[in-house]
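The values are calculated or read from the model by the stated rules, or taken from the named source; none is laboratory data. A quick note: this is a predicted structure, and the numbers were derived from the prediction, not measured. Neighbour counts are summed over all protein chains in view; Cβ atoms, including those assigned to glycine, are modelled from backbone coordinates with ideal geometry. These area figures cover heavy atoms from the full protein model, side chains too; ligands, DNA and RNA do not enter into them. Shrake-Rupley method; radii C 1.70, N 1.55, O 1.52, S 1.80 Å.
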Amino acid sequence: MNEERLRSLLCSAFPKPESDKPSRDLWPSIVRRIEAPTAWSWIDTSVAVGAATGVAITLAVLPKALLLLAYHL
Amino acid sequence: MPDELDHELLKRFVEGDQDAFESLFRQFEAEVYRWVMRIVRDSGIAEDVLVEAFWRAYRGRAHFDPSRSFGAWMRRIATNSACDHLRMMRPRASWITIADGIEGPKSVDRVQGESIALAFRKLPPKLQLVTTLALIEGKSHAEIAEALHLPVGTVKSRLSRGVHGLRKELARLGIRP
């Protein structure tokens, strides 16, 4: 498959977007996000620590997993 | 992007003035939306990403240097937000089969289009981003490099990996035009 054919397939799968501006005023949503209290519970902390530990152990046991991780990031 | 901005307005934004931030939002909203639409290709998702990007900008305002371009800074944040969204969507895409997307009779072209879209969404987001800009939007390597603040060599390498991955996935789905 040449690149031109691939380009044409992609253009047909992802047609040019019709809208060039949002359908509604998004400012109120942004204000709500800004004013929402930041929730950082002990659950978030323990999940983050658990994930970091898991990644560290995986990399220590399987250093080649770093390449896989780098590819997916 | 409209980047002839009043330095005072940018300073007020950095200090947390919400009126200044709203003024910046009104000036940059359309440009950022168009940029995000190029990446995510869906108006509903683009609106969510836009809100997320401006919220991140406000949260990270202390890191913005008012002597630099607000437009370029905002575009970088919007790109990261869009990529995060693509990353979030990706695991779900990997569980979808072609049959999942088919509800009732559809044309051959439509089924093929959906298969191609699914195959594309399986690529890592950073490859999707470069491939979208190069193949769908028709941007040159240099333009992409400038927009994403990447070396041209990185753009070429990501594009090549994106094209290779997409060809492989399309072949797996039996699409051989």
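Quick notes on this one:
- Restricting B:R75, B:R38 to those that are part of a helix (DSSP H, G or I), more than 14 Å from every other protein chain (Cβ to nearest Cβ), closer than 21 Å to B:A147 by Cα and in contact (Cβ under 8 Å) with a residue 12 or more places away in the chain reduces the list to B:R75.
- Condition check for B:E31: within 8 Å of another protein chain (Cβ to nearest Cβ), under 19 Å from the mean Cα position of the chain (by Cα) and part of a helix (DSSP H, G or I): no
- Listed conditions (1) surrounded by 10 or more Cβ atoms within 10 Å (Cβ to Cβ); (2) modelled with pLDDT of 80 or more are all met by A:A60, apart from (1).
- In region A:1-24, the residues that are more than 7 Å from chain B (Cβ to nearest Cβ) and not hydroxyl-bearing (S, T, Y): A:N2, A:E4, A:P15, A:K16, A:E18, A:R24
- If the condition is being part of a helix (DSSP H, G or I) and charged (D, E, K, R), then region B:6-28 contributes B:E8, B:K11, B:R12, B:D19, B:E22, B:R26.
- Residue list for region B:27-43, filter: among the aromatic types (F, W, Y) and either modelled with pLDDT under 95 or in contact with a Gly (Cβ under 8 Å, 6 or more places away or on another chain) (or both): B:F28, B:W35
- Among the residues listed as B:G153, B:G162, B:G174, the single one being under 17 Å from A:L6 (Cβ atoms) and surrounded by fewer than 17 Cβ atoms within 10 Å (Cβ to Cβ): B:G174
- In this structure, B:S115 qualifies as touching a helix residue (DSSP H, G or I) at 6+ places or on another chain (Cβ under 6 Å), surrounded by 13 or more Cβ atoms within 10 Å (Cβ to Cβ), part of a helix (DSSP H, G or I) and modelled with pLDDT of 80 or more.
- B:E47 vs. criteria assigned to a helix (DSSP H, G or I) and open to solvent by 20 Å² or more (accessible area, probe 1.4 Å): no
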